[in-house]
Each structure stands twice: as structure tokens, then as C-alpha cells.
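Presented below is the structure to which this report refers.
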Number of protein chains: 2
Amino acid sequence: MSLRTPYLMFIGDAADQLAAKTAQGVVHWRPEWCLGQLRLEGCNADLGIPDMTLEDAAAAGVKTLVVGVANRGGVISESWSATLVRAMELGMDIASGLHTRLGDVHAISDAAEIHSRALYDLRHPTRSFPVASGVRRTGKRMLAVGTDCSLGKMFTALAVWKEMEGRGMNVDFRATGQTGIFIAGDGVSVDAVVADFISGSVETIAPDHDADHWDLIEGQGSLFHPSFAGVSLGLLHGAQADALIMCHEPGRDHMRGIPHQPLPSLEDCIALNESCARLTNPDAKVVGFAFNTSKMSDTEAEACLKETSDTFGMPAVDPVRTGVAAIVDVLEKM
Amino acid sequence: MSLRTPYLMFIGDAADQLAAKTAQGVVHWRPEWCLGQLRLEGCNADLGIPDMTLEDAAAAGVKTLVVGVANRGGVISESWSATLVRAMELGMDIASGLHTRLGDVHAISDAAEIHSRALYDLRHPTRSFPVASGVRRTGKRMLAVGTDCSLGKMFTALAVWKEMEGRGMNVDFRATGQTGIFIAGDGVSVDAVVADFISGSVETIAPDHDADHWDLIEGQGSLFHPSFAGVSLGLLHGAQADALIMCHEPGRDHMRGIPHQPLPSLEDCIALNESCARLTNPDAKVVGFAFNTSKMSDTEAEACLKETSDTFGMPAVDPVRTGVAAIVDVLEKM
């Protein structure tokens, strides 16, 4: 799987800006691929890029219509379906991050067949992956890990990617979730893979590479999350990361979705991640912290990052507030 | 899903006894459910139970034909398919442990529909499971864990089940793999579940129960196996086990299928399993060892078990040689 670019960003009748979060992430990290947005009547979101009709998009060379919206009830409505069918008539593939499969809507699967277009349901991997071999791969790898879910692991990996690209380093971002896949144009929704193949899927998307090349692998979940830790451990073993960046949101008082579960301490989280990671890469170590300090004042954030950095003797950054240069300085020397 | 019993054990044209390993396990642990075996021409395996025609089996009240054989090339041959169709005509459901799905063979899926029979592909869970909640459940639970794959975790859990049943305890065996599911009549192939639902599937199959009830949960893989550790960790978190039994084969010199990977020490394996298990059950602890000493002499095995027991201050048994009474003594007091 490799999505054809550029994209037309379809956000349908998104109820609000949050419903278009996936599309917004893609526009943020891949502005050059997002030629325009297509909104239907009643759409309350705006990606801040030109509105385009399907015909405009086709004329501009768009290759894939990206369904980058969380819809109400998880169904693909009639109005959407007509738009997607027309996009295929005009030569576009369709890629979706919805739970509902595109191919389960007859009008859409029929049109894909008639016009020989590809349908990509990023939440439903169709590739089959090998069982992981655990054999060390060439090249260098970074994995974003964390104390919990949803605290900026993808953002951190992407910020490192941009910083490394800016420095002219040899680097790729490796996506393990749907938004990341739209941004990379390839990858695997690792939490949707059959359990036996978690590590194998990660070995596949971050294969052998040049000695000076960095794969920056998007993390998922946390070894301390009671619902998803299996995904995180398989990802950690498959990644064979040399460097781990520990992502965290100070002040979060329980694991996401699990009100009774406190977050682990940074010390415990570092110790368990390093110890497990060393099963497949004995050199694995945490090299810095990426905090989400969005709920703190500037002064609070600065104090928090400094204290963390002093305590652990490693850089502590907020990718949004401070950028990730301090961490990339460390990676560049590895 | 609950398989209807009793069973007719179909071993087709099994090339050798090993190819009928699954069926043999079911006969061993559920002799009362296995009324007979059905072998086709060229079968080189024998389960040691009466040969039966489909008509005999139907007359004897068989409800499910169990495909308990690893076939050549993973395909369902024409000769098998005719037998399975006829079994459905005679009123039986079909349950299979093959990689190939029964429903992918048209003759079989058509017959299932015509005769309203159920097809169970145990390697392909069709139930959907919730994301794990991590909420503590009532009742007591034991999980078999291990230093590696394929060293007797299912056998150990089943031996404990038989021992507890013999003592009149309130107990269920909870299956997490295909052979176990045939034996329990229910369960989930946890390694075939979508990664996000590993822990949730285990919470589902071992739900709230009486305070004095034991769920004996079949383990899978190892936290130290580079291919499958994600499954093992999700299983560990979902199980919320009070007691862990550490399974091990002394003398094994590398992880199964991974020639470059040594086995962990028992100390490390206990430490990591207990530390991870305590995320969802702070009281979790390893209470004994179940060793597979089949490659040792009686004297060697006895010395090895005694040394392990002395070192760790816990019972060390070989479920085959010594039985598991010493471990059940500990569980009974919990």
C-alpha cells in the first residue's frame, strides 16, 4: 500500500472542527499534498485550505480523496457515497480513516470495480504481515513511547522528522495509526492488526536501511495502559528502537478512559520501556522527554521542563512550545 | 459461541500422529465428549477411540464434527469437503482449528446455510470484543505464563483444572487457543483477535464470578518472545490473575523459532510478569513452577525440580511426571 498523492481532503458534513481532526493533522504536516478541501452542506469545520469541487480537484491532479472526518454514527451517508462515487469516476482513489469500511457500501465498492480505483480503509489492514523474526535490522530507529494514550506521540515523531529534514538528515517517518498513514502515505494501523502480527507489522514498515538513516516510528498507547499495552509492547519489540522519546502530559490524573488507573511515574515508565525494548535491541534507551504542556502557563511549562531535564539529565521539550531541536541534537550524535 | 457436544473427531488423511495433535489433546482431556474418530483413506494417525461413520455418529447423538488435524498445504480437499457436507446433512455443526476458513469453501458454506448448521473457525474469532476496562472482577484467577512458547501452559492449566475438580473445588478452565477451545467448548483464540481487543477478549471469557471460584486461564507465548509478547502482555492484563504459574522447559537453548534469542532467566521472567500483572491486580504473584522435563531422566528431573523449589521457596512440579497437587495446595489456601 502506498497512497497516491496529492490529496483532496473530504470532511463531509463535519459537525465541528474536532470531527475534522484527522484531516487537520494531514494538512498541518503535509500542506504540499493537500490541494483543497471538499465540504458538504452543513459542514462546520474548515481546514483553512481552498474549497474545491471534485472537477477542480481532478483538473488540479488530485489522485486520492481522503475521508478525514469522524462522522455521526459511523455510517457512510447517501450524500457522502454519491461524492465518493463521482470522485472515482474522475480518476481518484479513496482513502478513509472511518471504522465503517468503504467496501461495505455497495455503491462505493461497485464504482471502485467499474473504474478500477483503489479503496483504502486505514483502520482495516488488508496486507498480511509475517510473524516478527526479531533479527536486528540495519539503520537507526526512534520510537515515541508514553505514560498514556493520546498525549502527542505522533506529533512528537513528526516534529523530529521535520527537524531532521531541516538539518538535511536521512530520515523517514513511519506511521502506525490512521492519521499518520495519511501523512506518510504508507504505514500500518498497528492496533487493528491481528494480535500475532503486531511486531511483524512494525518490522515490515521499518525495514533494513542505510547505517545513517533514521526511521522515526509513531508510538501507540502505553505499556501501562490496561486496555492497549499489548499493542505497545509488540510495537516496542518490532521497532528495535535505538532511541526512545518518552511522551507525557503533566497533570493528567488517570489513564485515558480508565478513571481508576493512575499514570505511572516517569521513572517506572522509563525502566519498563527500556527493559522490554532491550529484548530486541540491547542498546535501546530513553534519550529525552516530549511533554504536552498545553494546559500550563508559559512559566509553569518552562519550570516543569527544566525540572524534568535536571532530574533525569536529558532534554525535556514540548514539541509545540519549544520544538524538538534539543532532542534531535542528541539523536544526531548517536 | 459454545460448541455443542459430544464430538466426532475428524482427522481426515492425517500424515502422521503429530498432524492429529489437536484432536489427541481433546481426546485426552475430554474423553467423555469424544464419541469416536473419523479417518479417511491414507490416515496414519489413531486417536485410540472407536472408528465411526457419520451415520453411526449421528445415531450416537454427536452434535459437532471437530476438524482436529493439521492438513497438508492448509487447504480443505474435496474428500474432506464431501464428508463435512454430509455431517451437516446429518445434523452436525462443524468446528475447525485450520487456518483455512470453513466458510471459504463454497460447498461447505452452502450446506451450512441450507441445513442451518453452525461453522466455527476457532482461529478466526468472529465475535467482537469490547476494549478492556481494567476494572477488577470478582472471583479468583490463575494464569499460566512462561519463559517461551510451546512448553506446556495449556497442559498445566488443564492439569490444575482436573486436580481442582477432583477436590470438589468451584473451577473453570478458560481457553485462549484453538485446542483449548475444543476442550472447554468455548473461549477465544487470543492471538487471532484484533490487537486493540486482546485484553478485552480475556476480560470477556473470564468474567465476574463467585468469590470462591477459580478461573484457570490458558496462557500464550511469553513476555520475552520477540514475536508474540504483545499477546502475552494483553493476556496478562486482561486476566487480572491472582496467581501465576511459571511454565518452563529446562535445557531449551533458544526461544522457539528465534535461534538468536536466549531464554530469560526464571528470576527475570518472574519479575517482569509480576510487575506487569500488578497493573491490573496488585496482588498478582507467581506461586509455583510447572516444568516440562520430558527430555530428562527421572533422576535429573527430580533434582531439577527440587533445586528450583528450594531456590525460590515455591513448589516446582512437572504436570506429567509429578502432577500439580503441590501447586493446587497453594492455590486452595488463597
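The values are calculated or read from the model by the stated rules, or taken from the named source; none is laboratory data. What you are looking at is a predicted structure, and each value in this text was computed from that prediction instead of being measured. Here the Cβ positions follow ideal geometry from the backbone for every residue, glycine too, while neighbour counts run over all protein chains shown.
For the stretch A:105-125, a tally of residues being hydroxyl-bearing (S, T, Y) and touching a residue at least 40 places away in the same chain (Cβ under 8 Å) returns 1. Taking the stretch A:204-222 as the range and being crowded, with 23+ Cβ neighbours inside 10 Å, of a type in the set (A, V, I, L, M) and more than 17 Å from A:S189 (Cβ to Cβ) as the test, only A:L216 passes. Starting from the stretch B:13-37, take each residue that is among the hydroxyl-bearing types (S, T, Y) and list its partners that are at pLDDT 95 or above, counting only C-beta distances under 6 angstrom and pairs at least six apart or across chains. From residues that are among the hydroxyl-bearing types (S, T, Y), the pairs are B:T22/B:T179.
Picking from B:L244, B:L233, which residue would you name as being under 21 Å from the mean Cα position of the chain (by Cα), crowded, with 24+ Cβ neighbours inside 10 Å and over 19 Å from B:I327 (Cα atoms)?
Checking each option against the conditions leaves just B:L233.
Look at the stretch A:48-67: where a residue is touching a residue at least 40 places away in the same chain (Cβ under 8 Å) and of a type in the set (K, R) and a partner is part of a strand (DSSP E or B) and surrounded by 13 or more Cβ atoms within 10 Å (Cβ to Cβ), sitting 6+ places away or on another chain with Cβ atoms under 7 Å, you get A:K63/A:D93.
Flag not set for A:D215, criterion: in contact (Cβ under 8 Å) with a residue 40 or more places away in the chain, among the charged types (D, E, K, R), outside any loop (DSSP other than H, G, I, E, B) and facing chain B (nearest Cβ under 9 Å). In the stretch B:165-185 there is at least one residue matching the filter, namely being within 30 Å of B:S297 (Cβ to Cβ), out of contact with any Lys or Arg (no Cβ under 6 Å at 6 or more places or on another chain) and not assigned by TED's automatic domain parsing to the domain that holds B:I11.
Entry remark, the stretch A:178-212: residues being among the small types (G, A, S), outside any loop (DSSP other than H, G, I, E, B) and within 22 Å of B:A229 (Cα to Cα) number 5 in total. The criterion of at least 3 residues that are without any contact (Cβ under 8 Å) to a residue 60 or more places away in the chain, within 14 Å of chain A (Cβ to nearest Cβ) and surrounded by fewer than 19 Cβ atoms within 10 Å (Cβ to Cβ) is met, among helices (runs of 4 or more DSSP H) falling completely within the stretch B:249-334, by B:266-277. Does A:G238 satisfy being surrounded by 24 or more Cβ atoms within 10 Å (Cβ to Cβ) and either closer than 22 Å to A:T179 by Cα or within 14 Å of another protein chain (Cβ to nearest Cβ) (or both)? It is true that A:G238 is surrounded by 24 or more Cβ atoms within 10 Å (Cβ to Cβ) and either closer than 22 Å to A:T179 by Cα or within 14 Å of another protein chain (Cβ to nearest Cβ) (or both).
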